[in-house]
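Working notes, beginning with the structure itself.
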Amino acid sequence: MKKIVVLGGTGGIGSVVVKDLFSTRRDCEIIIGASNEKKAKEYAKSFNSKRVRGIGVDVNNIDQTAKILKGADVCINCVVYYLNLQVMRACLKSSVHYLDLGGLFHMTRKQLKLNKQFKKNKLIAVLGCGSTPGITNVMAEYSARFFDKINEIHISFGDADFTKYNQPFVLPYTMYTLFDEFMMKPALFTKGKLLMVEPMSGEKLLKFPKPVGKASGLYTLHSELATFPSSFKNKGIKECSFRVTFSEDFRNKIKFLIESGFASEKDMKFGGCENKPKHITAKIMDQWLPKKETKINDLEYVRVEIIGKINGKRKMMILDCLTKSHKKWNIPAGTYDTAVPPSIIAQMMINNKIKQYGVLPPEKCINPELFFKELRKRNIKIFKKIESL
């Protein structure tokens with residue numbers, strides 16, 4: 001029986017990764033690893049299956065993590081991206097294949113430096129296997145195959161939420177990532193050069209299919225920019241960007257927290273203990289993740305737009321990935337389309353569908369047709385449109 005370890009397997013994304021693995025892979029033992037051992041065991045028990053078990057793990061302790069990983073086929077890393085290097089080093093120690101949800105550009109670049117070590121040990125590490133990065137990377141690779149020359153690749157997403165929330169604020173994902181997206185300078189590839197620009201700059205009106213429609217997009221830091229310029233260099237890429245779409249009200253609330261010091265990393269004393277306001281805020285804000293009793297009703301479009309030449313003619317190809325909230329599991333579209341790809345890619349690994357060793361972005365090692373087929377099985381659909389320019 002194959003064995004997959006999901007670190008962070010009780011979190012918002014990791015718990016759904018486990019659900020998808022369990023429901024689609026019958027010949028697989030699943031180990032749920034979490035810092036809270038009790039929570040990991042309780043979640044494992046909810047599956048009522050001998051092939052699912054929970055275990056406590058401190059990923060900062062590389063030796064301990066390696067011991068837990070020993071004998072596994074794949075490690076799916078769903079812990080906060082700050083800890084990606086520790087988990088990768090544990091995988092090297094235990095000879096286990098690796099994948100994660102992304103490194104928000106800077107961490108991804110550090111992870112790519114482990115390429116030689118993974119190759120030497122005949123191991124695979126796929127970086128950024130969620131929706132964006134993840135689905136976007138594979139869509140870009142698929143689209144690129146149609147083009148003789150690529151000038152531009154632009155990534156964005158938009159959503160529509162019809163959920164009736166009984167809470168004053170809705171947190172789409174971890175506050176740590178949100179703070180980083182709002183505060184760290186985004187990477188922008190322009191005129192063949194990589195630049196760091198002002199956070200939440202580059203506002204542009206984007207038009208998605210209904211019911212999303214028009215949405216304001218702004219630059220933010222994302223992992224695709226860490227790999228696309230080199231991955232599509234042979235096609236002549238000169239421009240690449242990532243834009244996030246948040247409502248004006250949501251942006252103002254996050255900006256207020258940042259400007260008021262709630263995202264500060266300066267140590268402060270609270271009740272006799274020292275801590276960073278950022279950590280306390282993130283913990284408090286967890287209460288605004290969607291409540292279990294709330295019936296989720298939303299959808300999301302993740303988009304890749306490529307401009308270049310096909311048969312000598314200037315064309316634009318738009319690939320949209322549509323995901324709707326999962327009714328049975330009652331989870332948002334953005335959670336579902338982030339959690340499903342790691343499960344699919346881990347299963348590709350154990351099925352020997354990824355042949356290259358080393359540290360790789362999805363566009364360099366994932367077969368788009370196989371990947372899209374698995375997405376369709378989970379009601380996640382890809383739409384393609386080509387326009388002449």
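Just a few scattered comments:
- Qualifying positions in the stretch 171-201 - out of contact with any Leu (no Cβ under 6 Å at 6 or more places or on another chain) and part of a loop (DSSP other than H, G, I, E, B): Pro172, Tyr173, Thr174, Lys185, Lys191, Gly192, Glu198, Pro199, Ser201
- Residue match in the stretch 223-238 (condition: in contact with a Pro (Cβ under 8 Å, 6 or more places away or on another chain) and without any contact (Cβ under 8 Å) to a residue 40 or more places away in the chain): no
- Matching entry among Gly33, Gly56 (being in contact with a helix residue (DSSP H, G or I) (Cβ under 6 Å, 6 or more places away or on another chain) and not basic (Lys, Arg)): Gly56
- Residues that are part of a helix (DSSP H, G or I), open to solvent by 10 Å² or more (accessible area, probe 1.4 Å), over 28 Å from Glu300 (Cβ atoms) and of a type outside the set (D, E, K, R), drawn from the stretch 115-148: Asn115, Gln117
- Filtered residue count, the stretch 46-62, keeping only those that are open to solvent by 40 Å² or more (accessible area, probe 1.4 Å) and of a type in the set (Lys, Arg): 2
- Residue that is surrounded by the most Cβ atoms within 10 Å (Cβ to Cβ) [pool: residues in the stretch 277-335 that are assigned to a helix (DSSP H, G or I) and without any contact (Cβ under 8 Å) to a residue 60 or more places away in the chain]: Pro277
Matching residues to (1) surrounded by fewer than 18 Cβ atoms within 10 Å (Cβ to Cβ); (2) within 23 Å of Phe383 (Cβ to Cβ); (3) hydroxyl-bearing (Ser, Thr, Tyr):
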position: Glu203; (1), (2), (3): yes, no, no
position: Lys207; (1), (2), (3): yes, yes, no
position: Gly217; (1), (2), (3): no, yes, no
position: His222; (1), (2), (3): no, yes, no
position: Phe270; (1), (2), (3): yes, no, no
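- Of all residues in the stretch 14-45 being part of a loop (DSSP other than H, G, I, E, B) and at pLDDT 95 or above, the one that is least open to solvent (accessible area, probe 1.4 Å): Asn36
The values are calculated or read from the model by the stated rules, or taken from the named source; none is laboratory data. Owing to the predicted nature of the structure, the values given are computational and were not obtained by experimental measurement. Neighbour counts are summed over all protein chains in view; Cβ atoms, including those assigned to glycine, are modelled from backbone coordinates with ideal geometry. Ligands, DNA and RNA are stripped out before the accessible areas are found, and what is left, the full protein with its side chains, is counted by its heavy atoms. Shrake-Rupley method; radii C 1.70, N 1.55, O 1.52, S 1.80 Å.
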